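Colleague: My structure is below; once you've seen it, I'll send some questions.
The values are calculated or read from the model by the stated rules, or taken from the named source; none is laboratory data. Worth saying up front: this structure is predicted, and the values here are computed from it rather than measured. Don't worry about glycine lacking a Cβ; one is built from the backbone with ideal geometry, like all the others, and counts go over all protein chains shown.
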Amino acid sequence: MVSRHALHIMKPGVVLLNTSRGALIDAEALLDAIKSEKVSAAGLDVYEEEADFFYEDVSENVIQDDKLKLLLATPNVLVTSHQGFLTDEALHEIAKTTLQNLADYFAGRQVVNEIVYRREAEMSPP
């Protein structure tokens, strides 16, 4: 959605914030817009390939993603791992759903949030 064209038609000096999905912003176009000062600053709570970098300690590894390296090295860009789930309400719902899933599983009921595919013949309760 935030493509090279979208960045081109924005007002000079715009501040871009993305807390939705990393893939919504063309990172290469954003870097070019920052270099040309079309974008004066960017705050990214998400990055398209964030799962590769933010959910485990990779501090001892060399980042192989050149766009991410440039974004992190740019002083007017802040990149954080996506924390949209980290609210009291969201954590309460996650805990509630998890406990319901466990109760359903051990009671032999269908687990409605199951993400592992099993054939129908394998669906018998434990």
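Colleague: Identify, please: which residue in region 77-126 is in a loop (DSSP other than H, G, I, E, B) and within 30 Å of SER40 (Cα to Cα) and is, among those, modelled with the highest pLDDT?
Modeller: Step by step, filter region 77-126, then rank; the result is THR80.
Colleague: Here is a further query. Scanning region 33-76 for residues that are of a type in the set (Gly, Ala, Ser) and surrounded by 12 or more Cβ atoms within 10 Å (Cβ to Cβ), which turns out modelled with the lowest pLDDT?
Modeller: ALA51
Colleague: Anything in region 1-35 that is of a type outside the set (Ser, Thr, Tyr), out of contact with any Leu (no Cβ under 7 Å at 6 or more places or on another chain) and assigned to a loop (DSSP other than H, G, I, E, B)? List them, or say none.
Modeller: Scanning region 1-35 gives ILE9, MET10, LYS11, PRO12, GLY13, ARG21, ASP26.
Colleague: Filter region 1-16 for residues that are over 9 Å from ALA29 (Cα atoms) and touching a residue at least 12 places away in the same chain (Cβ under 8 Å) and give the result.
Modeller: MET1, HIS8, MET10, PRO12, GLY13, VAL14, VAL15, LEU16
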